[in-house]
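Before any comments, here is the structure.
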Amino acid sequence: MALGLAEGERGMNAPEAIVVGAGPAGLATAATMKSRGIAAVIFEKTDSVASVWRRHYDRLHLHTDRAHSQLPGMAMPAAYGRYPSRAQFVEYIEAYAAKYDLKPVFGANVESVRREGTRWRVEGGAINSLNAPVVVLATGWADYPHSPSWPGVQDFKGSIVHSSQYLNPKPYQGQKVLVVGFGNSGGEIALDLAEQGVAATLSVRGPVNILPRDLLGLPILTWAIAQSPFPARLVDAINAPAIRLAVGSVEKLGLRRSAKGPVRSIREDGRVPLLDVGTVAKIRAGEIKVRGDIERLTADGVVFKETGAEKFDAIVLATGFRPDLRGLLRDAEGVLDPSGRALVSGAATAEPGLFVCGAIAVPTGQLREIGIEAQRIAAAAAAHLAASRNN
């Protein structure tokens, strides 16, 4: 859909807002804006809504419960269960877009967002160029996979893939697989492999936090939300005995417990703890092995810093994502940190009319936070547009 400036602005009725991304954050923001009478255009570089969720690994279920993972204005069906599957969540997002009559412009790869007077000009590929007084970046994290390197990586003859490329254990049957990283993706991919009889090993570089997905019959997120007004140190101290009882000794598993509790780790470092869905039991049973940091790779395996060489047929890098918006916002000031991460998410940035949604990790659930941020952005955008009209 190629859009020249005049043609595009005429065909799209000169939008008051442009939303970049048609995932949960982009759709929630567009829907809440629409409820306030703000006309927004959604640009999505792929050919569907929730494109990232469509390519997540097959066994994925939400790590946060259904009641706290819904977008503004639409509940998820109770039939989805407490923790909806990836396919169910995609179905929900499709239904959400249909309910609010959100029709993204697909195949629209945004390449730059820059200020032009009191408006923002969005450019790139099939978009060509379009401007609006408000722009919301809801691009998520999945386009920025972090793949570390080690000496000897070019010598390794097996496959190396990032967790964002992993789908299921079928390609790994009969192999020894090293999963690098102990976040939720790493823990669940190792579990997925082990459940299908694949020899799985986890490389865990540093200290960890592990939480049960449910505590005393309630989703762990329920506790996090109830305790959110309190200081992180206090919350971690109060919860520590119950978490130790639920998880057991991590030291006996060959792991080191983080000096910072889970809430502090999220708030201060953006490090999300492992929400255990069975990985710990598999480690305890010896069906998932645990090793430390990697020193180097060899042709047929890995040399660990503490335990030496082992053979592996494949490596899955569950090493997370490092969002970097500098390529999009080349001349915005006071919006990004030196690495390109947003300084503010879900509120007005240092640049009037520019917003970011869902960009900062929180202990109270990312999908829940997206819904809250979308509503805040819609309110702030409405105020910004009203002020612009009055000037």
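Segment Gln165..Leu218, full-extension length gain: 15.9 nm, with 0.36 nm per residue of separation and the alpha-carbon distance subtracted. Here the label points at Gln175 and Asp47, each 7 Å from Cα along the C-beta direction, are separated by 2.8 nm in the simple model. Using alpha carbons only, the radius of gyration of the range 220-284 set against its Kirkwood radius gives Rg/Rh = 0.96.
Using only Cα atoms, figure out Rg for the range 40-182 and give it as a multiple of 2.2 N^0.38 Å. Dividing the Cα Rg of the range 40-182 by 2.2 N^0.38 Å gives 1.33. Helix 366-390 and the long axis of the chain differ in direction by around 20°, with both axes built from C-alpha atoms. Quote the relative contact order of the chain in percent (integer), defining contacts as alpha-carbon pairs under 8 Å separated by 6+ residues. Here the relative contact order equals 23 percent. Taken over the range 105-199, the percentage of Cα pairs per 5 Å bin, counting from 0 up to the bin with the maximum distance, is 2, 10, 16, 14, 12, 8, 8, 10, 9, 6, 3, 1, 0. Within the accessible surface of the chain, defined with a 1.4 Å probe on protein heavy atoms only, the carbon and sulfur portion equals 52 percent. Positive contributions from Lys and Arg (+1) and negative ones from Asp and Glu (-1), summed over other residues with Cβ under 15 Å from the Cβ of Ala226, come out at -2.
Stretching Ser228 away from Ala75 to a fully extended chain increases their span by 52.8 nm, per 0.36 nm per residue minus the current alpha-carbon distance.
Cα convex hull of the chain: how many Å³ per residue?
Normalising the Cα hull of the chain by residue number yields 151 Å³.
The equivalent ellipsoid that matches the C-alpha gyration tensor of the range 275-382 spans semi-axes of 41, 20, 9 angstrom, in descending order.
Could you work out [θ]222 nm for the chain from helices alone, using -39500 (n - 2.57) per DSSP H run of at least four and dividing by all its residues? Round to the nearest 500 deg cm²/dmol.
Per the formula, -8500 deg cm²/dmol.
Averaged over all directions, how much area does the convex hull of the C-alpha atoms of the range 119-264 cover when projected, in nm²? Dividing the Cα hull surface by four gives the mean projection, 14.6 nm². Lys282: which lysines have alpha carbons under 22 Å from its alpha carbon, excluding same-chain residues fewer than 8 sequence positions away? Correct list for Lys282: Lys170, Lys176, Lys252, Lys311. When only Cα pairs below 8 angstrom with a gap of at least 6 residues are kept, the range 205-281 shows a relative contact order of 49 percent.
Subtracting the Cα-Cα distance of Asn390 and Thr298 from 0.36 nm times their residue separation leaves 26.5 nm of extension gain.
Return one whole number: the accessible area per residue of the chain in Å², for a 1.4 Å probe.
Counting only protein heavy atoms, the per-residue value for the chain is 45 Å².
When you restrict to C-alpha pairs under 8 Å that are six or more residues apart and normalise by the size of the range 163-296, the relative contact order lands at 34 percent. When the Cα atoms of the range 226-333 are aligned to their principal axes, the ranges along those axes come out at 50, 49, 23 Å in descending order.
If the cut-off is a Cα-Cα distance under 21 Å, which lysines reach Lys45, setting aside same-chain residues fewer than 8 apart in sequence? Candidates past the 8-residue exclusion: Lys103. Averaging Cα coordinates gives a centre for the range 76-124 and one for the range 357-383; these two points are 14 Å apart.
If one computes the Cα centroid of the range 137-159 and of the range 275-344, what distance in Å separates the two points? Their Cα centres are 8 Å away from one another. Using alpha carbons only, the radius of gyration of the range 149-201 set against its Kirkwood radius gives Rg/Rh = 0.96.
The values are calculated or read from the model by the stated rules, or taken from the named source; none is laboratory data. All values reported here derive from a predicted model rather than from experimental measurement. Cβ atoms come from the backbone with ideal geometry, glycine included; neighbour counts cover every protein chain shown. To get the accessible areas, we keep the full protein, side chains included, count just its heavy atoms, and leave off ligands, DNA and RNA. Shrake-Rupley method; radii C 1.70, N 1.55, O 1.52, S 1.80 Å.
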